[in-house]
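Structure, as structure tokens:
The values are calculated or read from the model by the stated rules, or taken from the named source; none is laboratory data. It should be emphasised that the depicted structure is a prediction, and the values quoted were computed from it without experimental measurement. For neighbour counting, all protein chains shown are included, and Cβ atoms are generated from backbone atoms with ideal geometry for every residue, glycine included. All accessible areas refer to the heavy atoms of the entire protein, side chains included, with ligands and DNA or RNA removed. Shrake-Rupley method; radii C 1.70, N 1.55, O 1.52, S 1.80 Å.
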Amino acid sequence: MMSVRIIVVLAVLTGVTGSPNVMIKPEADMSAHPNSVPETVEETEIFGQQNVPVLVGEEAEEDVMATGELNPNHYPAQRAAKVVQHYLNTRYGSPYRLFGLQRVNSGNAEDVADSGRKYQLEVTVQEIIGNTTEKCSAEVLFPRGERQGSAQVQASSWEELLKNDTEAQEEALYQEYKMNQSLVTAQNLPDSYGHIEPDMKPLWHLGFVASSFVMLNESTENTLYNMAQVANVTQLPTENDQLKFDYHILLHEMVSQEIIHWKLLFTWSPPEGVKVLQMEQLPHCHHCEKPPNTN
Amino acid sequence: MEKKTRTFWIVGSFLLILETSNSLVEGLESTRSYDYTKYHSMDEIYRWMEDVERGNPELVSSAIYGHTYEERNITLLKLGLQNPESREKKVIWMDCGIHAREWIAPAFCQWFVKEIVNSYKTNKKLEQILQNVDIYVTPVINVDGYIFTWANDSTRLWRKSRSTPPPGSGCYGVDLNRNFNANWGTVGVSFDSCSNTYCGKSAGSEPEAKAVMDFVGKLVNRTLCFLTIHSAGQLILLPYGHPEISAPNYNELVSVGKAAAAEMKKLHGMNYTVGTSPQILYANSGSSRDWARLIGIPFSYTFELRDKGEFSHLLPEEQIKPACEEAFAGALSIITYVHDKTYGTLPNAAVTTMTTTISGVAMTIWSTVMVVSLTIGVLM
């Protein structure tokens, strides 16, 4: 009797724990299954149907702009921080001093009633030519509504950015261009291969600074500007001890991916820095690249 | 041995040695004499593809899988080794040059091929990957656009294809990375044919985009990963471009992307930001990356290579080497991950196997005890 009881107990226990051939499979990875797209995609009409509101040239989330603390890596903080770069270059840039945005450390945004939208940013800025970096605080106000106009920027701790001494180099360049027998001209800085002749680099840097005035003026929360190329440089006769230049520059606007042409007339000297006299956007002639076949 | 026969053997052996060393040299030369630190014209790239294939027949084969608007070949190189057990091979896809002006991208595809060719014989892991996976590399998808950027100084910054203007317009080209069948025409696009984000007249209307969709579409069930290479911005973008759609494996896409970015940073200290396009760049639709994820390829990334705006698309040639080195590290990191995930050499997979083994052993012991007890019980 005892033995039968033992057998029954063991049999029951086996039944409960399962057979010796049980296979423990790793959890099936549903994400690899071809049909595991989010249900929302099939159910909503976003899949390219006619009755979807088409957002042409704008972003879907424009109505729900980020407020409060911002993710420093996301585009709202990044675009605002780029404006700080343009501002610093207009104020303190020179043929031997250029600023690039290295990273955004933190950011905050808030709506300012009747004025627009204000961003507070902690950024790390790089002085490109001397290859030094510095932390900097800045505020960027993008005007909205009735108030038009360009972004307003305030930056603090900028003094540290000027620590690289460029006085001697700037003076030497100034004298060289002032005393030149013939006025300087140049094209395509950099060229198609990204190359700039060493003695042309200061002209490229000057273009960077001058175009920052345009980029500062044109920047909004929906743009991200960089200078793509200096297409043409023409030095004009020196006036009032200021070197004078006519530049044709190409800007790259990231969100639209467009290349925008600008003509800039500006002066420069070491004590006065860059002063823009005229800036004019040039229409880019699409038809000019290749004539369409018209019969 | 007869004199004639001996001569025959001597001459024959000599010719054999000559031929073998010739193809060895050719194989090496096909990668060594080509300057990977310079930008190359399309003619040079076509010729290079032929040389690489001819010089490495056991690893490289080519295929023409479509034609551009101006009827040029769209060519890929398939990198793979014979699988010892003749198992079905999985697929990894990489394309470069959807946007014509992003010259560093085709430069990277060529660099990638060169790295694989030069190291697969001495890198056991790479050899294993190539035995299990075929890597399809298209150095230039938008051939017409790329050639156009080489025409003269004023064309260097062209982005789109070179399709003829639609009726009533004077503007050429479609943004191929807005033309794929993935929420086409919904966000981040323009319907103005003069715009640089013109998405075309319908999803897949452009032959270049259609060629990719047709070819990859046939391989989708075997495809582990889809990488599309662009510049600039130093970003690793994951699907989707639409701000209201998330991939079901978003978390894994992020962690794999971040691991790749970490590998990239080790080389030259460059930061690559990881996220969806609407998070870190802008919303968009109709991208090849989105299309790949939508049809079920689990891992799909857009790489935006150097730089962050100093030169943008006009990246100096002296940066080709460091840019490609870091991009290679990033791409290889993702390729290795998706390979190991499938072929069970990941740490997680190992733990599961271990658990399986332990449970199996436990059950064996238990059933032995059972049988013994039963036997004893019956005998008693």
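Miscellaneous remarks
- Anisotropy class of the range B:29-99 from Cα gyration tensor, a/c 1.5 cut: oblate
- Candidates B:342, B:122, B:302, ranked by Gaussian network fluctuation over chain B, Cα under 10 Å, top entry: B:122
- For the chain pair A and B, buried accessible area totals roughly 5700 Å², probe 1.4 Å, rounded to the nearest 100.
- With 25 Å as the limit on Cα-Cα distance, the pairs of B:258/B:321; B:124/B:210; A:118/A:244; B:160/B:201; B:89/B:160; B:114/B:265 that go past it are B:124/B:210; A:118/A:244; B:89/B:160.
- Chain B - accessible surface per residue (Å², probe 1.4 Å): 40
- Pairwise centroid distance, computed over Cα atoms, of the range B:190-233 with the range A:86-143, Å: 36
- Charge context of residue A:208, other residues only, Cβ under 15 angstrom, K/R +1, D/E -1: +1
- Electrostatic tally near residue B:200: other residues with Cβ closer than 9 Å to its Cβ, Lys and Arg +1, Asp and Glu -1, net 0.
- Between the range B:97-151 and the range A:170-188, the alpha-carbon centres lie 44 Å apart.
- Between the alpha-carbon centres of the range B:300-346 and the range A:211-275 there is a gap of 33 Å.
- Debye-sum result for chain B in log10 I(q)/I(0), which assumes one identical scatterer on each alpha carbon, at q = 0.12, 0.14 Å⁻¹: -0.90, -1.20
- With all protein chains modelled, accessible area of residue B:125 [1.4 Å, Å²]: 70
- Occluded residues from the range B:172-195, i.e. those whose accessible area drops by 30 Å² or more once the chain is not alone (1.4 Å probe): B:172, B:183, B:186, B:187, B:189, B:191, B:194
- Residue of B:317, B:102, B:44 that the Gaussian network model of chain B assigns the largest fluctuation, springs spanning Cα pairs under 10 Å: B:44
- Counting only heavy atoms of the protein chains and using a 1.4 Å probe, residue B:268 has close to 80 Å² of accessible surface.
- Computed over protein heavy atoms with a 1.4 Å probe, the carbon and sulfur contribution to the accessible area of chain B reaches 58%.
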